[in-house]
Amino acid sequence: MTELKLIQGKPKIFTISSEELMLSQIKEYVEDYEYEYVGSASEKDEIFKKVDELSPNLIFLDTEEQGLDLLETASDLELFNVPVIIIVGDVFDATIDQLLMSNPYNYLLKPVDKDELQRAMAVSLKKHEQNILSVQTAQNKIQEKNTELLIEKSDSSFLLI
């Protein structure tokens with residue numbers, strides 16, 4: 001499981017697709033928004049190797065990518081604690097419906113619109129940042145409570161003596 005970290009510097013964007021035209025378009029849109037496009041992959045082993053190496057802050061997942069079990073891929077990506085934006089083609093089937101119900105950070109329809117893509121990136125990254133801050137706040141409160149309980153336990157032990 002990846003440690004929860006806030007973004008330092010430009011957000012790094014990664015795409016799971018082999019559709020060259022869409023990849024070049026996404027790269028252009030990402031860089032126009034002054035985010036860093038770190039690459040793409042389309043085969044399962046390569047995807048997870050690159051995600052691990054590149055540590056992207058956001059991933060686009062093309063639902064028309066052949067040879068991938070989309071539900072399994074989306075589930076495995078959760079281990080990296082990176083927001084995923086689903087890019088949906090014109091075919092909606094049961095798998096796509098399940099994928100959209102798996103609570104991705106956002107989704108886009110093909111053909112991808114520049115303004116929608118940029119808005120989806122910004123909203124997804126902000127939402128993810130807020131989730132991280134909420135988890136960190138909860139962890140801090142738990143740590144404070146544990147410290148209080150330890151002090152109370154120590155005081156109780158001292159009184160017994």
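Throughout, read-outs are computed from the coordinates displayed, never taken from laboratory work. What you are looking at is a predicted structure, and each value in this text was computed from that prediction instead of being measured. Reconstructed Cβ throughout: ideal geometry from the backbone, glycine too, with neighbour counts over all protein chains shown.
What are the residues whose amide H is under 5 Å from the amide H of residue 68, where those residues sit 5 or more places off or on another chain and H is modelled from the backbone?
The list, which skips near neighbours in sequence, is empty: none.
What is the local net charge at residue 65, summed over the other residues whose Cβ is closer than 11 Å to its Cβ (Lys, Arg +1; Asp, Glu -1)?
Combined, the nearby Lys, Arg, Asp and Glu give -4.
5 Å is the cut-off here: which amide hydrogens, built 1.01 Å from N in the peptide plane, fall below it relative to residue 61, excluding neighbours closer than 5 in sequence?
Close amide H contacts, sequence-distant or interchain: 16, 85, 86, 87.
How big is the dipole moment of the chain about its Cα centre under a simple scheme where the beta carbon of each Lys and Arg is +1, that of each Asp and Glu is -1, and everything else is neutral? Debye, nearest 20, please.
780
Can you tell which of 77, 118, 7 lies farthest toward the positive end of the dipole of the chain, using +1 and -1 charges on the Cβ of basic and acidic side chains (Lys, Arg; Asp, Glu)?
Going by the Cα projections, it comes out as 7.
Only loop residues by DSSP count here, and only those with at most 14 other Cβ atoms within 10 Å; note down the chymotrypsin sites (Phe, Trp or Tyr not before Pro) in segment 54-94 that meet that. Kindly include the intermediate steps, with their values, before the conclusion.
On the way: sites: 60, 80, 92; in loops: 92.
Passing sites in segment 54-94 are 92.
Divide by every residue of the chain the summed helix terms, -39500 (n - 2.57) for each DSSP H run of at least 4, and state the resulting mean residue ellipticity at 222 nm, rounded to the nearest 500 deg cm²/dmol.
-18000 deg cm²/dmol
Straight-line reach from residue 145: which lysines fall under 24 Å, measuring Cα to Cα and dropping same-chain residues less than 8 apart?
Within the straight-line cut-off, residue 145 pairs with 5, 153.
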